[in-house]
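Quick note: the coordinates plus some simple rules give every number you see, no bench work behind them. All of these numbers come straight from a predicted model, not from anything done at the bench. Don't worry about glycine lacking a Cβ; one is built from the backbone with ideal geometry, like all the others, and counts go over all protein chains shown.
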Amino acid sequence: MQALRIAAFLFFATLCNAAAAQPLYGIAMHGDPALPAGFKHFPYVNPDVKKGGRISYGVVGTFDNLNPFILKSMRTTARGMWDPEYGNLLYEPLMVRSRDEPFTLYGLLAQTVEWDDSRSYIQFNLNPDAKWSDGQPVTPDDVIFTFQLLRDKGRVPFSSWLETIASMAKVGEHSVLIRFNERANRETPLIIASSLPILPKHATDTDSFDQTSLRIPVGSAPYRIKSIDPGQRIVFERRPDYWGKNLPSKIGIDNYDEITVNYFLQDTTLFEAFKKGDVDIYPDGSPGHWQQAYNFPAVTSGAIVKETFTPKTPSGMLGFVFNTRRPMFADKNVRKGLTLAFDFEWMNRNLYSNAYRRTQSYWQNSDLSSFGVPADAHELAMLGPIKDRIDPDVLDGTYKLPVSDGSGRDRKILRKAVALLKEGGYTIRGEKMVDKNGRQLSFEILTQNADQERIAIPYRRSLELLGIAVTIRTVDDSQYQLRTINYDYDMIIKSYPSSLSPGIEQVGRWGSVAAKTEGSLNFVGVADPDVDTLMSHFLTAHSAEDFRDAVRSFDRMLISGYYLVPLYHIDQQWAARRSRIAHPDALPLYGYYLPAWWDASAQ
């Protein structure tokens with residue numbers, strides 16, 4: 001009974017604290033929002049844009065589902081439903097993230113929020129004008145219902161984020177108070193606010209929620225579904241009755257009357273559709289393609305415009321990913337030796353006209369990167385005994401991947417690779433790299449398309465010089481997604497985007513729990529308590545200095561683990577567009593933002 005009284009006291013004390021807190025129009029991970037109270041619009045939009053017209057996007061893949069929040073068909077859900085690239089066209093979060101700040105949120109479904117200094121709770125005060133597309137109001141009951149449903153039936157990471165909630169309670173007519181448990185950290189309230197959708201309780205079937213479905217749902221966002229052709233295209237139309245069109249966070253955004261997402265089996269087919277005018281924007285990530293593929297009439301006439309954008313973001317990491325669940329990749333020396341064997345200089349010169357830079361850090365080109373930066377006393381204290389697991393050259397800032405002679409067979413570097421493989425239990429015997437039982441070191445590189453295969457072929461050639469047997473298998477999108485969900489691969493090529501505010505998404509990529517969770521993004525299979533500890537450091541950091549050093553420590557740990565064979569990056573974004581598609585002059589911190597573009601031919 002005494003325990004119940006204490007629990008009740010704490011609960012009502014939290015309610016009182018929440019009620020006494022000052023409502024906030026925006027919240028930031030570190031510091032205060034850059035935009036003042038009463039701001040009119042984001043700085044990277046055109047507030048005077050004339051809405052109308054249409055846009056046609058193109059993607060490679062297929063879709064058989066309209067629910068992006070469940071494990072089944074998690075990578076074959078129609079684009080646009082809940083989409084960081086094209087916009088959340090059908091569902092909305094409680095708050096929206098500014099593209100011009102590291103991690104700052106402003107009001108959307110939630111008009112204001114309240115929290116304490118320790119971020120043990122957050123109260124969302126819903127906008128009383130918020131409505132679903134069927135005219136029903138968005139209510140606190142919808143919020144509570146959604147979070148319970150996604151916790152119980154949603155896929156990772158939605159379900160795992162919601163495991164941080166201790167309780168939810170309706171406060172008054174328009175507010176929801178959420179208290180967090182010991183699993184939460186300082187980022188958790190921002191994740192709950194910006195990375196989870198709100199679903200309509202009255203129009204959601206809980207019994208069938210975790211099954212794939214093409215049933216057209218009810219949403220609160222600016223668009224509704226006009227038509228679907230499963231696996232081929234989905235068409236959205238803008239709602240003239242959208243409740244939030246005059247919010248500061250929505251001015252200058254969602255500018256098309258109609259948005260079409262077309263699906264293609266291959267990127268070459270997608271590009272041909274772009275050339276013909278069936279697709280309006282083509283983001284290009286290939287230097288050779290960007291330099292050589294645009295000599296057709298629509299470009300020379302000006303009907304298609306090529307543009308280069310320079311965001312102010314970290315490099316991220318693209319690389320060959322070792323599945324450390326496989327025994328041959330369990331030893332770090334083996335992974336390091338295989339990393340050294342990759343001849344980046346040969347590939348960059350012969351395949352990409354030296355357009356790329358070698359990636360040396362997961363946060364290269366930012367203050368969060370450890371590359372070239374020795375760990376100072378503050379960071380060493382933060383690392384504690386974990387520093388002994390970090391390579392000395394990574395710790396003192398002298399680490400750098402070797403630069404080859406570009407021949408594709410640099411003997412000096414290959415000798416180092418052989419020595420490392422020997423430390424990992426492999427030796428060359430009869431022109432084959434074998435273990436103590438005489439079994440040849442062999443593995444498969446699983447690729448998605450011709451571009452990935454093109455990168456894998458020279459790597460295979462270098463490894464064959466060491467007596468390693470490598471096969472390359474290119475599969476269709478559905479088979480690739482199935483195999484990666486089940487971790488059924490030896491090596492894949494993956495991109496790990498990075499931001500200026502890394503947080504809980506890193507746990508999904510590198511955390512011990514994620515390593516054992518089907519469908520997670522821990523493709524490497526890392527299950528290391530020290531890695532978990534270093535992630536907890538930046539998740540709980542209060543000051544900007546603590547946060548920076550915590551990310552640098554984590555960066556050093558990943559580099560020292562040799563979990564990927566680092567490839568390359570470009571400091572620019574390339575995109576070609578139909579000339580009638582226009583965009584604002586201001587470029588946000590994270591690069592171009594498609595939801596703020598518009599159709600200049602709209603009447």
*Amide H partners (placed H, <5 Å) of Lys131, local residues excluded*: Val138, Trp243
*Between region 380-415 and region 271-326, what is the C-alpha centre distance in whole Å?*
32 Å
_Gain in span if fully extended, Glu85 to Gln291, counting 0.36 nm per residue against the direct Cα distance_ = 71.7 nm
*Taking the Cα centre of the chain as origin, work out the dipole magnitude from +1 charges on Lys and Arg Cβ and -1 charges on Asp and Glu Cβ, in debye rounded to 20.*
1280 debye
*Any idea what angle helix 2-20 forms with the longest principal axis of the chain, computed on alpha-carbon atoms, 0 to 90 degrees, nearest 10?*
80 degrees
*Can you find, among Pro283, Val470, Thr164, the residue farthest towards the positive end of the dipole of the chain? Put +1 on the C-beta of Lys and Arg, -1 on that of Asp and Glu.*
Val470
_Give me Asp343, Asp451 sorted ascending by neighbouring Cβ count inside 10 Å, so fewest comes first._
Asp451, Asp343
*asked:* Modelling each spin label as a point 7 Å along the Cα-to-Cβ direction, I'd like the Thr540/Leu401 distance in nm, to one decimal.
replied: 3.4 nm
_Which residue, Ile144, Gly154, Leu420, has the largest displacement toward the positive end of the dipole of the chain when charges sit on each Cβ (Lys, Arg +1; Asp, Glu -1)?_
Leu420
*Any chance you could check the Cα centroid distance between region 182-206 and region 85-104 for me, in angstrom?*
14 Å
*How high is the FRET efficiency between Asp488 and Arg183 when r is their beta carbon distance and R₀ equals 25 Å, given to the nearest 0.05?*
0.25
*So, with +1 on the Cβ of K and R and -1 on the Cβ of D and E, and no other charges, what is the size of the charge dipole of region 315-449 about its Cα centre, to the nearest 20 debye?*
660 debye
*Using modelled amide H (1.01 Å from N, peptide plane; none on Pro or chain starts), what sits under 5 Å from the amide H of Val60, excluding residues fewer than 5 places away?*
Phe264
*asked:* Using the basic label-point model (7 angstrom from Cα toward the beta carbon), what is the Ala273 to Glu258 distance in nanometres?
replied: 1.6 nm
*Please go through the residue pairs Lys72/Lys494; Lys51/Lys226; Lys306/Lys400 and name each one whose alpha carbons sit more than 27 Å apart in this structure.*
Lys306/Lys400
*Length released on extending from Glu163 to Ala34, taking residue separation times 0.36 nm less the Cα-Cα span*: 43.4 nm
*Please identify which residues in region 221-239 have an amide N closer than 11 Å to a label point set 7 Å out from the Cα of Ala203, following the Cα→Cβ vector.*
221, 223-225
*Tell me the trypsin sites (Lys or Arg not before Pro) within region 209-280 that lie in a loop according to DSSP and have at most 13 other beta-carbon atoms within 10 Å.*
Arg215
*What ³J(HN,Hα) values, in whole Hz, does the Karplus curve 6.51 cos²θ - 1.76 cosθ + 1.60 give for region 179-190 when θ = phi - 60°, with x put for Gly and Pro?*
10, 9, 9, 5, 7, 6, 9, 5, 7, 3, x, 6
*Go ahead and run the numbers for FRET between Val171 and Asp117, Cβ-Cβ distance against an R0 of 22 Å, rounding to 0.05.*
0.65
_Amide N proximity, region 272-301 versus Ile457 label position 7 Å along Cα-to-Cβ, cut-off under 19 Å_ = 286-293
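Using the number of other C-beta atoms within 10 angstrom as an exposure proxy, rank Ile55, Ile581 with the fewest first. Mind showing how you got there, number by number?
On the way: Ile55 25, Ile581 22.
Arranged by neighbour count, lowest to highest, Ile55, Ile581 become Ile581, Ile55.
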*Could you name the aspartates and glutamates in cross-link range of Lys416, using Cα to Cα under 15 Å and dropping any fewer than eight places away on the same chain?*
Asp343, Asp405
*Show which aspartates and glutamates lie in cross-link reach of Lys170 when reach means a straight Cα distance below 12 angstrom and same-chain residues fewer than eight apart are skipped.*
Asp141, Asp142
*What is the extension gain from Asp134 to Asn350, computed as 0.36 nm multiplied by their sequence separation minus the C-alpha to C-alpha distance, in nm to one decimal?*
72.1 nm
